[in-house]
Amino acid sequence: MGLKMIVMVKQVPDTHNITGDAMKPDGTVNRSKLPAIINPEDLNALEEAIRIKERVGGHITVITMGPKKAVEVLKECLYRGADDVILVSDRKFAGADTLATAYTLKFTIEKIGQFDLILCGRQAIDGDTAQVGPQVAEKLGINQISCLLEVVEISDKEITVRHSIADGYEVARSPLPLLVTVSSEANQPRSPSAKRVMIYKNIETNSDETDGNSIPTGDSDLVQKITEWDADFIGADPAICGLAGSPTQVKKVENVVLAANDIQQVPPTETGISSLMHDLMNDHII
Amino acid sequence: MSDKKQVMVFIEQNEGKIADVSLELICEAGQLAEPLDADVVAVAPGYDMKEALASLGHYGCKTVYRINDKRLAHFTSNPYAKSIVNLIKTQQPEIVLFGATETGRDVAPRIASALKCGLTADCTELQIGEHKFKKQVYKNVFLGIRPAFGGNIMATIVTPESHPSMATVRQGVMKMTPPDTTLNAEVMDVESGLSDDDFITEVIEIVRKEKAVNLGTAQLIVAAGAGAADPNTLELVRKLADTIGAELGASRPLVDSGLLPHDHQVGQTGTTVRPNLYIACGISGQIQHRAGMAESQRIIAINSDPDAPIFNIAHYGIVGSLNEVIPKMINAYKDKA
């Protein structure tokens, strides 16, 4: 039998490794030049799901909401051990804030049907909001635990986890179903399996087929095609998806530019350094 | 509901002790309340704590809505979220603020989702201002200003149609006002509206470690970066910190290398600091790091690369090797002290 798990992932620009190419002459970042990657902590969430499956058995469905090119992150998940993957993609989802995203994911999960555990990364590195996980839990009317560090015990009825709290950690037990957000400290995600890369590198999505929308049965051992769903299929009301369903508006965006201070150059000599230290001492700074 | 407008702060408590960030937010709420002609109020789920809550008045809080329930002694998501949602529905505050801590970041999104409100995460600055959208002019709206894209942009977020507007705010960023111990807040008990079924999660064990470092309140910080990522150089940096009585900070690459625990990390994913003196040793000054220390009163940067971005925000720049510069600093200090 085993657990039915859903892992939510996001494709993000790699904001943590900004290389020269993505840097504009004025010192600001050209966001469109950043490579698109799977959000790092979502890989920790997937890894945790795979470990649970190895421990007690189960089935892992990975979902992502995003543009067509987000299939790339779903392939990454297939390479690592996902059993099914679903891309939820529609122009109507564009401009979604966390609340509108949570609505869309809620409808997607309800379309999948029954589940025991939902996992996602603690936060995404583009927005760093950490909001979508708790909001999906609220929309589904289930409980949540944030910042998972370790699964202590798990059965088909309940889960005991260690998760981080201010200045420490807490061990907590909760019945299933539950949503957990997973921290990077929880595990070291495995690398893609060479065998699975061979199987899935050329996998196609079903969007070109006329009867495109279908629910993966999970009957077959191998995924034949990446499932793609749109707003109509999951039954999402366009008024609460995307920009229309987003209560937050971006009023202004300012690039952070290095503001040059009046800098006093101190020569790395004994005299130079000792004069600096004495100035600081005379000013009672140190 | 009160006939006066209210700016509300969620009071986070750990084992009955009020978190510093909650006090910072009470002070900041005072700034926001002024143009709105609003009262600063607090919502405090927990157990007991009456005196501690009354003392929030020292910082300008007028009323504390205490949700007093033994089952709320420890934080868990669902009952905290539900009881706060109930209070927000009755009191209808204009703005609700949460600390961007593990607890605040867990509970605030759940509340925003239940109320279908906008929530701006991890703000570093809050304002009241005007917003124009589709020929409509919103006056006195709440503006949440936050770093995004790994600190490369600052975004101003508005939620003009949300009642209330909500935000989580980074710890250590908002300034505290000096307490006025003659003022106490009125503590009003309110019903939680919870049933036993709402308490889904059972807390089995809580372990809190005494923090090895306290960067948030440190006045002197000596911080090590990738340029100090070998044990000998790091030891030198530590020695400089010990000599002048400073706390030891670090940049993310150094923490990632495993030489120092995360408690030492300064920057967007670590602690935000504003000491009198910050000595950056071998730190290149990536934007994520600068976001957490740029407000230091004086910054000394030591780096062998004259083009390191850290020199752009430093007040004193020393281009040179740490192994040569730091011993000279230690000697100069010892000679005079």
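The values are calculated or read from the model by the stated rules, or taken from the named source; none is laboratory data. In this text the structure is predicted, and so the values were computed from the model without any measurement. Counting neighbours? That spans all protein chains shown, and the Cβs are built from the backbone with ideal geometry, glycine included.
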Subject >> Selection count where residues are in contact (Cβ under 8 Å) with a residue 12 or more places away in the chain, over 11 Å from B:N78 (Cα atoms) and surrounded by 13 or more Cβ atoms within 10 Å (Cβ to Cβ), scope segment B:187-208 >> reply: 7
Original post:
(1) more than 11 Å from chain A (Cβ to nearest Cβ); (2) in contact with a helix residue (DSSP H, G or I) (Cβ under 8 Å, 6 or more places away or on another chain); (3) buried (at least 16 other Cβ atoms within 10 Å of the Cβ): which one isn't true of B:V273, the others all being true?
Top reply: (2)
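On the given criteria, is B:E130 at pLDDT below 95, under 17 Å from B:L97 (Cα atoms), surrounded by fewer than 18 Cβ atoms within 10 Å (Cβ to Cβ) and not basic (K, R)?
Judged against the criteria, B:E130 is not a match.
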Original post:
Got at least one residue in segment A:173-185 being at the interface with chain B (Cβ under 7 Å from one of its Cβ atoms), out of contact with any Gly (no Cβ under 7 Å at 6 or more places or on another chain), in a strand (DSSP E or B) and among the small types (G, A, S)?
Top reply: yes
Subject >> Candidates B:D242, B:D256, B:D230, filtered to the one that is farther than 30 Å from B:R146 by Cβ, under 27 Å from the mean Cα position of the chain (by Cα) and not assigned by TED's automatic domain parsing to the domain that holds B:P147 >> reply: B:D242
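What residue, among those in segment B:12-25 that are hydrophobic (A, V, I, L, M, F, W, C) and closer than 19 Å to B:D122 by Cβ, is surrounded by the fewest Cβ atoms within 10 Å (Cβ to Cβ)?
B:A19
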Original post:
Which fully enclosed strands (runs of 3 or more DSSP E) of segment B:158-235 have 1 or more residues being under 28 Å from B:E125 (Cα atoms), of a type in the set (G, A, S) and in contact with a His (Cβ under 9 Å, 6 or more places away or on another chain)?
Top reply: B:220-224
Subject >> Unique match (being free of Cβ contacts under 8 Å to residues at least 12 places away in the same chain and not in a helix (DSSP H, G or I)) among B:G292, B:G285, B:G317, B:G258 >> reply: B:G258
**OP:** Using the structure shown, decide if B:A185 is in contact with a helix residue (DSSP H, G or I) (Cβ under 7 Å, 6 or more places away or on another chain) and away from chain A (no Cβ under 11 Å).
**Re:** yes
Subject >> Some residue of segment A:124-133 being within 17 Å of B:Y80 (Cα to Cα), in a helix (DSSP H, G or I), under 18 Å from the mean Cα position of the chain (by Cα) and within 8 Å of another protein chain (Cβ to nearest Cβ) >> reply: yes
Original post:
Can you find a residue in segment B:201-224 that is within 25 Å of B:I88 (Cα to Cα) and within 14 Å of chain A (Cβ to nearest Cβ)?
Top reply: yes
**OP:** Would you be able to tell me the number of residues in segment A:138-155 that are facing chain B (nearest Cβ under 7 Å) and within 15 Å of A:P177 (Cα to Cα)?
**Re:** 6
Original post:
Somewhere in segment B:75-96, is a residue hydrophobic (A, V, I, L, M, F, W, C), crowded, with 24+ Cβ neighbours inside 10 Å and under 19 Å from B:G144 (Cα atoms)?
Top reply: yes
**OP:** Go through (1) away from every other protein chain (no Cβ under 12 Å); (2) more than 30 Å from B:G267 (Cβ to Cβ); (3) crowded, with 19+ Cβ neighbours inside 10 Å and name the single condition A:G121 misses.
**Re:** (2)
Original post:
How many of the residues in segment B:100-118 are in contact (Cβ under 8 Å) with a residue 40 or more places away in the chain and under 17 Å from A:R122 (Cα atoms)?
Top reply: 7
Subject >> Count - residues of segment A:97-131 that are over 22 Å from A:H16 (Cβ atoms), touching a Pro at 6+ places or on another chain (Cβ under 9 Å) and among the acidic types (D, E) >> reply: 2
Original post:
How many residues, within segment B:1-42, are farther than 15 Å from B:H74 by Cα and not in a helix (DSSP H, G or I)?
Top reply: 15
Original post:
All but one of (1) polar (S, T, N, Q); (2) more than 17 Å from the chain's Cα centre (by Cα); (3) farther than 16 Å from B:P164 by Cα; (4) more than 8 Å from chain A (Cβ to nearest Cβ) hold for B:T124; which doesn't?
Top reply: (2)
Original post:
Restricting attention to segment B:76-99, which residues are within 11 Å of chain A (Cβ to nearest Cβ) and in contact (Cβ under 8 Å) with a residue 60 or more places away in the chain?
Top reply: B:T76, B:S77, B:N78, B:P79, B:K82, B:G99
Original post:
Among the residues of segment A:102-118 satisfying the criterion of being among the hydroxyl-bearing types (S, T, Y) and in contact with a strand residue (DSSP E or B) (Cβ under 6 Å, 6 or more places away or on another chain), which is surrounded by the fewest Cβ atoms within 10 Å (Cβ to Cβ)?
Top reply: A:T108
Original post:
Considering segment B:278-302 alone, what residues qualify as being crowded, with 22+ Cβ neighbours inside 10 Å and of a type in the set (A, V, I, L, M, F, W, C)?
Top reply: B:I279, B:A280, B:C281, B:I283, B:I287, B:A291, B:M293, B:I299, B:I300, B:A301, B:I302
Original post:
Which of the residues belonging to segment B:141-161 are surrounded by fewer than 21 Cβ atoms within 10 Å (Cβ to Cβ), within 7 Å of chain A (Cβ to nearest Cβ) and among the β-branched types (V, I, T)?
Top reply: B:I153, B:T156
**OP:** Output the residues belonging to segment A:119-146 that are without any contact (Cβ under 8 Å) to a residue 24 or more places away in the chain and out of contact with any strand residue (DSSP E or B) (no Cβ under 8 Å at 6 or more places or on another chain).
**Re:** A:G141
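What are the residues in segment B:320-334 that are more than 7 Å from every other protein chain (Cβ to nearest Cβ) and either assigned to a helix (DSSP H, G or I) or crowded, with 20+ Cβ neighbours inside 10 Å (or both), if any?
Correct list: B:L322, B:N323, B:I326, B:P327, B:I330, B:N331, B:K334.
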